[in-house]
There are 2 protein chains.
Amino acid sequence: MVKTNNLYQYGTLALLVPGLFKGTLKLSDLLKHGDTGIGTGDGLDGELVIKDGTPYQIDGHGSVNKLDGNFTVPFADVHFADYKKLFDIESTMTPDKLEEKVMGMKDWQNTFFSIKLHGTFDKIKTRSVYKQEKPYPTLVDCAHKQHEFNGENVTGTVMGYYSPQLFNGSAVGGFHLHFIADDLSMGGHLLDFSTNNGEVSAQVLDHLEQQLPVNDEEFMKHDFSKDDIAGAIGEAE
Amino acid sequence: MVKTNNLYQYGTLALLVPGLFKGTLKLSDLLKHGDTGIGTGDGLDGELVIKDGTPYQIDGHGSVNKLDGNFTVPFADVHFADYKKLFDIESTMTPDKLEEKVMGMKDWQNTFFSIKLHGTFDKIKTRSVYKQEKPYPTLVDCAHKQHEFNGENVTGTVMGYYSPQLFNGSAVGGFHLHFIADDLSMGGHLLDFSTNNGEVSAQVLDHLEQQLPVNDEEFMKHDFSKDDIAGAIGEAE
């Protein structure tokens, strides 16, 4: 029986900040912990969306690729989907308005939850990055090299997680959202959208399962005290 | 089969900072997740040590009391013990020297682990607090009201956890240690010790299971952005 209140987080957002991009968990192992989620690939190789048990990569060219179980990740969040409908969108919605409306609906600023918006977007903007080569740059340097993609009248799913600010560093405090089009024509890390329709649903995750990559020597030896984790997450995520 | 790499954390250290001291989990439920650990009781009612599956409270008078399963906690850390010996103490050891030696032995500053020191302490100093009444004071105010206890030639166990600084706030970044005497004559939150003998052992916990008290309305409604979490943990813990 799967636990539907459980957020499984592999790695920490913090490890990406100084450029610890090595993939240390296979997707086949990650998917034991959830059928839905987001992440990035070995070498910061694109933005991942896991939907209905199938992992997709939006690569630096903007192409959406189905991934196999041997693909590895340095960081990912997954859970087993059991969303409850929150509301139908009936007027123009942007990411800021969505976050404001969702946060105003319940007292859930101190728990993790997943959010999903399926709809047709008048406009949607995403980003992704090419796979990086060693020596890896920092996360902020990569953010400066990101590629942006713009869609119009695209139907798809915005999904991701809200994490309490207390967990900023291990996770992204606040919302961390990705997008994937139903027809796989585009996707990526969500930057902006505008939509007049769609359904918003959510799933409370009161239980965080945080797995650290303790077999990765580079991670274990790294001195995070020199990294501006919160600053980098604010700039890059 | 129990997982011996798993640290189960109920609540967060942060929730104690503004005085959210209500016990929201029974010990009988906590003990499903570990036979060893530390915590505090409903109303910040003493310092807890869970040893070989038995929960003990060191109350504000310094008395060590065996607890029953209905006793509730706002915050606790537990795991299933499977310690590996690190070293025998052969010269005078203090908490600072212990932490320095342990951190120098392995690259484990970025993972959770438990540490245990069983020995006879020439001197040992602990603290605890009386159960607080509503409206609850802050954690820092309680720290100013703590009672200190001094022992000489006491045999017992110093035990607790190391958490990466990245998790300061949800946990105590660095070491968080409690003490309990073998003969239950004293115990509490560890402040200081001196010993020339004893055995130090440790257990790596690369997996954090963080359970949030989402059914506690007071926790869910609280605005932690106004609390100086790191400052209070530094002062009170």
>> For region A:129-163, which positions are part of a helix (DSSP H, G or I) and of a type in the set (D, E, K, R)?
In response: A:Asp141
>> Condition first: surrounded by fewer than 20 Cβ atoms within 10 Å (Cβ to Cβ) and within 15 Å of the chain's Cα centre (by Cα). Now tell me which residues in region B:32-41 satisfy that.
In response: B:Asp35
> Considering region A:43-64 alone, what residues qualify as being crowded, with 17+ Cβ neighbours inside 10 Å and either in a loop (DSSP other than H, G, I, E, B) or among the polar types (S, T, N, Q) (or both)?
Replying inline: A:Gly43, A:Leu44, A:Asp45, A:Gly46, A:Gln57, A:Asp59, A:Gly60, A:Gly62
> For region B:101-141, how many residues are among the small types (Gly, Ala, Ser) and without any contact (Cβ under 8 Å) to a residue 40 or more places away in the chain?
Replying inline: 1
> So is B:Thr155 more than 14 Å from chain A (Cβ to nearest Cβ), of a type in the set (Val, Ile, Thr), closer than 30 Å to B:Glu90 by Cβ and without any contact (Cβ under 8 Å) to a residue 60 or more places away in the chain or not?
Replying inline: yes
> Within the set of pairs 6+ apart or on separate chains, which have a first residue in region B:39-56 that is more than 13 Å from B:Leu139 (Cα to Cα) and at pLDDT 95 or above, a second that is in a loop (DSSP other than H, G, I, E, B) and among the small types (Gly, Ala, Ser), and C-beta atoms under 6 Å apart?
Replying inline: B:Asp42/B:Gly23
> Can you tell me which of A:Leu190, A:Leu177 is of a type in the set (A, V, I, L, M, F, W, C), closer than 30 Å to B:Pro164 by Cβ and touching a Gly at 6+ places or on another chain (Cβ under 6 Å)?
Replying inline: A:Leu177
> For A:Ile180, all conditions in the list (1) within 14 Å of chain B (Cβ to nearest Cβ); (2) at pLDDT 95 or above; (3) within 25 Å of A:Thr24 (Cα to Cα); (4) buried (at least 21 other Cβ atoms within 10 Å of the Cβ) hold save one; what is the number of the exception?
Replying inline: (1)
> Hey, among the residues in region A:82-128 that are of a type in the set (Val, Ile, Thr) and not in a strand (DSSP E or B), which one's surrounded by the fewest Cβ atoms within 10 Å (Cβ to Cβ)?
Replying inline: A:Thr92
> Within region B:84-113, can you find the residues that are touching a Ser or Thr at 6+ places or on another chain (Cβ under 7 Å) and either within 14 Å of another protein chain (Cβ to nearest Cβ) or over 21 Å from B:Thr155 (Cα atoms) (or both)?
Replying inline: B:Phe112
> In region A:207-228, which residues are within 7 Å of another protein chain (Cβ to nearest Cβ), touching a helix residue (DSSP H, G or I) at 6+ places or on another chain (Cβ under 9 Å) and either in contact (Cβ under 8 Å) with a residue 12 or more places away in the chain or hydrophobic (A, V, I, L, M, F, W, C) (or both)?
Replying inline: A:Leu208, A:Glu209, A:Gln210, A:Gln211, A:Leu212, A:Val214, A:Phe219, A:His222, A:Phe224
> So which of B:Gln146, B:Gln132 ends up being among the polar types (S, T, N, Q), on the phi < 0 side of the Ramachandran plot, touching a helix residue (DSSP H, G or I) at 6+ places or on another chain (Cβ under 7 Å) and buried (at least 16 other Cβ atoms within 10 Å of the Cβ)?
Replying inline: B:Gln132
> Across region A:193-237, what is the total count of residues that are in a strand (DSSP E or B) and in contact with a Gly (Cβ under 8 Å, 6 or more places away or on another chain)?
Replying inline: 3
> Is it fair to say B:Thr92 is touching a strand residue (DSSP E or B) at 6+ places or on another chain (Cβ under 7 Å) and closer than 25 Å to B:Lys221 by Cα?
Replying inline: no
> So which of A:Glu235, A:Glu199 ends up being away from chain B (no Cβ under 14 Å) and closer than 20 Å to A:His147 by Cα?
Replying inline: A:Glu235
>> Take the conditions at pLDDT below 95 and under 30 Å from B:Glu235 (Cβ atoms) and apply them to B:Leu98. Does it pass?
In response: no
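The values are calculated or read from the model by the stated rules, or taken from the named source; none is laboratory data. Please read all numbers here as calculations on a predicted model, not as lab measurements. As a convention, Cβ positions derive from the backbone with ideal geometry for all residues, glycine included, and neighbour counts pool all protein chains shown.
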